[in-house]
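S.K.: There's a structure below that I have some questions on.
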Amino acid sequence: MALLAAIGVRKVGSGSIYFVAYRDGKDAYLDGGKTYTLNVPGPVPANLFWSNTVYDSDTHVLIATDQNRAALRSHVDKLQVNADGSYDFSFGPKAPEGKENMWIETIPSKGWWSVLRIYGPEAASFDGTWKPGDYVEMK
């Protein structure tokens, strides 16, 4: 994922920091007809909260699907935490069984991209000691 500057503030504990992804770990554009996982290591270095949001590549607005959800958010959603403290998100046309609350629906034949935002970022967000994983296509 690419790192973007915080909204006007690049300071530990203030503003936000964004990690943007257009491609998977093999450098292919994210494809709405494929299924991907994203591992977000824990603890996420956020003093406030964090979220992962999916956008439509054509319109550049939140993805619009029958699921009616474009984001998974630490302060709103009941996220499943792995034993090691990380989070596994899924993206694709169908939810993996038992992971429906950790999934965002995508649209076959459409591209998409995402932004992982950290609000009130801690030092690890800036110094590279923490970073989200790559999108991995599931076969």
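S.K.: Going by Cα centres, region 8-70 and region 80-137 are how many Å apart?
M.R.: 7 Å
S.K.: Provide H75, H60 in ascending order of the number of other Cβ atoms located within 10 Å of each residue's Cβ, fewest first.
M.R.: H60, H75
S.K.: Now, a different point. Please find, in a Gaussian network model of the chain (springs between Cα atoms separated by less than 10 Å), the residue of T129, T37, T65 whose mean-square fluctuation is greatest.
M.R.: T129
S.K.: Name the most mobile residue of A28, A64, A46, meaning the one with the largest mean-square fluctuation, in a Gaussian network model of the chain with Cα contacts below 10 Å.
M.R.: The residue with the greatest mean-square fluctuation here is A28.
S.K.: Where both residues lie in the chain, what percent of DSSP beta bridges are antiparallel, nearest 5?
M.R.: In the chain, DSSP labels about 90 percent of beta bridges as antiparallel.
S.K.: With the crude spin-label approximation of a point 7 Å out along Cα→Cβ, what separation in nm comes out for A83 versus K131?
M.R.: For the pair A83/K131, the computed spacing is 2.8 nm.
S.K.: Evaluate E = 1/(1 + (r/R0)^6) for V61 and E97, where r is the Cβ-Cβ distance and R0 equals 25 Å; express this FRET efficiency to the nearest 0.05.
M.R.: 0.25
S.K.: Can you pull the Kirkwood radius for region 46-139, inverse mean 1/r over Cα pairs, to one decimal in Å?
M.R.: 14.4 Å
Since every read-out is calculated from the coordinates, none of them should be taken as a lab result. Note that the structure is predicted; figures quoted are calculated from it, not measured. In this analysis, Cβ positions are derived from the backbone assuming ideal geometry, glycine residues included, and neighbour counts consider all displayed protein chains.
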